[in-house]
Structures are given as C-alpha cells and as structure tokens.
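What follows is a structure written as structure tokens; I'll ask about it next.
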Amino acid sequence: MKHPGDNSFSERRKSAESARRQLIAKFESAPKPTGPVMQERLAAIASARTARRAERDAMKTAENDRLLQEAAALADVAEAHQRAEAEARQLEANNRIARVVADEAARKAERDRRYAARKARRP
C-alpha cells in the first residue's frame, strides 16, 4: 500500500508506533473481566440464558404432553375401531349361523313334509 506523499522510513515507523500505542491504549481502557461492569453483564447474560433454558424446557414438556395426549387419543380411536370390527365380525358370524340353522330347519321341514305325503299316499 502506497502512502501519500514521500514518507520516509522514520515517518512510517513513527506512525506505526503511534497506531500500536493507540491499540494498546484501547485494549487497556476496555472493561476488565473481573470488573464490576463485566460481572454485572455476565450475570445478566447467565440469568437470560437460564430463563431461555427454562422456557425451552417448558415448551418441550408442553409438546411432550401434547404428543402423549394425541397418542392416547389415537390409541382410543384405534381400540374403538377394533372393537367395532370385532362386533361386526361377531354379528356376521351370528347371522351366518342363524342362516345355516334356518336353512337346516327348512330342509328338515321339507323332508318331513315329503315323508308325511308319502305316508299319506300309502293305503
């Protein structure tokens, strides 16, 4: 980087030295980590961090509770559905059995009718 004008080596050296001194002065004037201002700031940061963590934990707990309630509701729905399906299967089986019994009774009645007709035809 070129410097304006024709700076000599000693001028560049002096400007570098003054920049270094300014940087050191700035560093020295910065608040120290053990100073009361920084301790206050660190305490505020720590309390804010704790509050955010508590809020996050509360949100996670609420979300877990919501998920558990949803799972319980889904389980209840699934159980009710299974119960309804079982009742429908049982009803179908009962209907099938009733039809078989009714068919068997009709067949026996027809057989008895034919037997009685045959007996009636005999002298």
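Of the residues ARG66, ARG113, ARG49, which exhibits the maximal mean-square fluctuation in a Gaussian network model of the chain defined by a 10 Å Cα contact cut-off?
ARG113
Still on this structure, I have one more. Just the number, please: carbon plus sulfur as a percent of the accessible area of the range 1-113, 1.4 Å probe, no ligands or DNA/RNA counted.
Heavy-atom surface of the range 1-113 belonging to carbon and sulfur, 1.4 Å probe: 59 percent.
Moving to a separate point now. Which label belongs to the value computed from this structure, given these candidates for Cα extents along the principal axes in Å: (i) 81, 36, 18; (ii) 89, 28, 19; (iii) 155, 42, 14?
Recomputing Cα extents along the principal axes in Å here gives the entry labelled (iii).
Could I ask something else about it? Taking the solvent-accessible surface of protein heavy atoms with a 1.4 Å probe, what is the per residue accessible area of the range 2-85 in Å²? Spell out each step's value before the answer.
Numbers: 7640 Å² over 84 residues.
I get 91 Å² per residue for the range 2-85.
So if I place +1 on the C-beta of Lys and Arg and -1 on the C-beta of Asp and Glu, and nothing else carries charge, what would the dipole magnitude of the chain be about its Cα centre? I want it in debye, nearest 20.
My answer is approximately 880 debye.
Could you tell me how many degrees, from 0 to 90 and to the nearest 10, lie between the Cα long axis of helix 36-121 and the main elongation axis, the longest principal axis, of the Cα atoms of the chain?
With rounding to tens, the tilt is 10 degrees.
Under 27 Å between alpha carbons, and skipping anything fewer than 8 positions from LYS108 in its own chain: which lysines qualify?
LYS119
The values are calculated or read from the model by the stated rules, or taken from the named source; none is laboratory data. Given the structure is predicted, the values throughout are model-derived calculations rather than measurements. Quick reminder, even Gly has a Cβ in these numbers, built from the backbone with ideal geometry, and neighbours come from all protein chains shown. Heavy atoms of the whole protein, side chains included, go into the accessibility calculation; ligands, DNA and RNA do not. Shrake-Rupley method; radii C 1.70, N 1.55, O 1.52, S 1.80 Å.
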